Amino acid sequence: VLPQNDQPSFDVGVSVLNVTEYGALGSIANYSVDEVAVNITKGKDSNEDYQTLSFEVVLSSGDAGLFVQEAWLVTYTDVVTNVTANVTSVDANGTNVTTEVVTQQTDTVNSTQYTPSGMPRMSVDGAVTFTLAPYKNGNATFDVILRDNGLGNDTFVVTSAFVVTVEAVNDPPSFEIGRGLLQVLEGGNRTTGEGSANSSNATSSNATTGGVNSTNTSNVVMSESSGNQTFYGVAVNIRKGLDANEDYQALTFDVVLRSGNASLFSVFPAMDVNGTVTFSLADYQNGNATFDVILRDDGGTETGGLDNFTVESAFNVSVLPVNDQPSFAVGEGVLSVSEGSGNHTFEGVAVDIVKGNDANEDYQTLSFEVVLRSGDPEMFSPGMMPAMTTDGNVTFGLAEYQNGNATFDVVLRDSGGVDNGGSDTFRVVNAFEIRVASVNEAPSFRLGGSQCLPGRDFINGCVLEVMTIMLWRNSFLLASPYELSGFVQGIVAGPSNEDQAVDLNTTITDPAQGALFDELPVVARSGTNGTLRFALAADQSGEATFNISITDSGGLQASRQFRVVVFSGEVELAISAADSDCFSGGVLDTNCLIQNLSATLSFPADRIVVVSAGARRRLLAASDVTVVFLGVSDSTTLLSDLGGASAVESLPGISTTSVSLVDRDEAREPSFASKAAVAVDEDSGQYVDEAYITDIAFGSESRSDASGQQNVTFQVSQVSSTAGLLSVAPEVVAVCNPQCANATLTFTVAPQLIGTAVFVVGMQGTGLNRTLTITVGPVNDPPSFTLSTGAITLWEGAAGDFTLPLFASFSTGPADE
């Protein structure tokens, strides 16, 4: 019986091999599944036990790529080694020299890495092993062939013996952070530039800046913004999974606030599938917010898959504060005041004052600056230019006598600064105008000092409450009218900005007092000064009061009062030092005397004047004191008007040795003594006579100025004269120091003339004349002659008589001889 090989056989045990995709978290690549083939037999009879079996697994359908494929990887590497060699050479001396030379040698070395096949295979005990390729899933069906080493029927095939099912496992998506800091500027509509004003004279310009999207940079500073913000590339390298079989999946990003202020946003940050973040800022909010980002796919989580990937603190949105421009509106735009009205405060010039559009700027401080745009700064007093307080009130001070208009800009500043493009300044052009209306100021002038009895020295000073001109009766009658230059001084129409005409008038307060004058006082104006002119009436005394007024073209007036006192007598008191309360240290206290006189005699103290002759300034004991009682017009009744001599003699505190009345009521004529004739010799030259006129007296006229200095002029006029008798005409000049006493006569006689000249010498202003006769008497001059020759020459022996002209000329003297 010949042997016949029995066919080996097996049964399929595990026909479905379920595994999960390799590459997912926690997955494995190598698998071994037992009892895929069971009941394995070499044949039906035991005589085949000696045989050996082997399985072959053949892919019948499905994806071989589910498994690692056999591969050879050859790697080439350059290896550098140093090669040392000895080189022998001959030096200059003929000696062999050996030098070691090192060179580098590069060799390429290859290495082979073998990757065995991971396709399923079956061991003789029916176990299947295989290695999965990463990130592959699907089904693969295999036939299994069992072979023995007998002859003949040695193969047993089971088709579709088992199926390897690689179940898909969702790989988590992934991404990286490209830009982690998103910086933007605080949101909100902002106005920059100049603001507007409500007043009619104000002008303005406005500028607004809207939102601008960020650029593709890691740290982005936005412009002033109020719209959506977009940042590209916040998430980069976005992947759905590690294997391409997840490309069908859809991705979504979730943005979750991790920390910070959610009120920064009006639209919360979101991220699209491209990694772009968009959001909208809430107005006027700043700060920081940090966000986690979660990437999700739609692969699910079956079989242990993962469908999300989280990056904590993935990005930070930093909203930088931007200083909002302060603002205000103009309330009162025209500030009207009057010239010279001093300091002013106007409330509500600036209203609706805000530090910014958002409450987070309430900590800031504000300040106003007022800038002159047009007008004259001299309208305002030093240090009082217009300024504005933080509550919008304007203060300023006016300079005197200035008017006009001035326009001002107002600049409002806050303390927020200009970082990040902020604005801390708001300006309103022509915000307000100050109008200073002109006010007519009164004209002004002043009067000179009182004229108190020219030529007299007032011990208690000529200082009176009312400007007074005191004169003796019949003063200046022969030199009328009396003129007092500089009596009115400093005539101005008002401040320098008032160029007006001024009328000057002089009026008497009581017309009855006009009897004192032949010509009432008037003031003749010359520039800013005026000269008082008047003429007294004869034999009149008393007092007259006058008003001097100036009126400008605006109708405003200024006035001053003066009086003219004409009196005829004075009381002369001889005062002894004994028992006198008004002497101190031997010197008379004139004020004490005046007060005592006033109290005792019931006479106003301001109308009592103590005078003294000459320049004596102090009155000593036993001095004679002259007291003038202003307003007492009649010397004959002076003492009786004062209560009589006994009343004056019994003054308390004053011991008077005598009281006498000096009558000043004489209407004396001026006079002077002069020589009627002057005789001089012929050829006597200049003649000077310092006592030609003596005893100059002005009568009732003082001819003294306010300082007591007298002046007088003498006029010399010729009546007849021998022709050419005088080479220099006569001149008469008064000598006044300060009183006028004498006058000097000077003239010069012409040579070799004799004869007579008659002149009239007059005191100017008086009508007083004297005749002067000047006689030039003869003086016998010697005769004279000249010879025609100085020598007579004759020949020796000349005969006869000789007659020759000896004299060329001869004279008995001048022609008058």
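The values are calculated or read from the model by the stated rules, or taken from the named source; none is laboratory data. Note that this is a predicted model, so its numbers are computed, not measured. Reconstructed Cβ throughout: ideal geometry from the backbone, glycine too, with neighbour counts over all protein chains shown. Calculation scope for accessible area: heavy atoms of the full protein, side chains included, ligands and nucleic acids excluded. Shrake-Rupley method; radii C 1.70, N 1.55, O 1.52, S 1.80 Å.
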**Percent carbon-and-sulfur accessible area, the stretch 19-142, ignoring ligands, DNA and RNA, probe 1.4 Å** = 49 percent
**Asked** Averaged per residue, what accessible surface does the stretch 23-150 expose to a 1.4 Å probe, in Å²?
**Response** 62 Å²
**Request:** Place +1 on the Cβ of every Lys and Arg and -1 on the Cβ of every Asp and Glu in the stretch 111-189, take the dipole about the Cα centre, and give the residue among Leu182, Val164, Pro120 whose Cα lies farthest towards its positive end.
**Result:** Leu182
**Message:** Defining a contact as two alpha carbons under 8 Å apart and six or more residues distant in sequence, what relative contact order in percent does the stretch 285-366 show?
**Reply:** 28 percent
**Prompt:** Hey, what's the stretch 293-429 come to in accessible area per residue, 1.4 Å probe, Å²?
**Reply:** 44 Å²
**Complete:** For the stretch 307-316, in residue order, the Karplus 3J(HN,Hα) values (coefficients 6.51, -1.76, 1.60; θ = phi - 60°; whole Hz; Gly and Pro = x) are 10, 9, 9, 10, 10, 6, 6, 5, 8, 10
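If Lys and Arg each add +1 and Asp and Glu each add -1, what is the summed charge of the other residues whose beta carbon sits under 13 Å from the beta carbon of Phe315?
After counting each charged neighbour, the total is -1.
Could you order Cys592, Cys740 by accessible surface area, starting with the largest, using a probe radius of 1.4 Å?
If we order Cys592, Cys740 from most to least accessible, we get Cys592, Cys740.
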**Prompt:** Given charges of +1 on the Cβ of Lys and Arg and -1 on the Cβ of Asp and Glu, with all other atoms neutral, how large is the dipole of the stretch 252-324 about its Cα centre, in debye to the nearest 20?
**Reply:** 240 debye
**Asked** Considering only protein heavy atoms and a 1.4 Å probe, what is the carbon-and-sulfur percentage of the accessible area of the stretch 753-804?
**Response** 58 percent
**Complete:** Within the under-14-Å Cβ sphere about Arg435, not counting Arg435, Lys/Arg +1 and Asp/Glu -1 give a net charge of -4
**Prompt:** Non-local amide H neighbours of Gln752 (under 5 Å, H modeled in plane, Pro and chain starts lacking H): which ones?
**Reply:** Asp683
**Asked** If amide H atoms are built 1.01 Å from N in the plane of the peptide, which residues on other chains or at least 5 residues away come under 5 Å of the amide H of Lys355?
**Response** none
**Asked** By a straight-distance test (C-alpha under 29 Å), which lysines pair with Lys136 as possible cross-link partners, with residues fewer than eight away in the same chain excluded?
**Response** Lys240
**Message:** Taking all protein chains in place and a 1.4 Å probe, what share, in percent, of the accessible surface of the stretch 225-375 do carbon and sulfur account for?
**Reply:** 47 percent
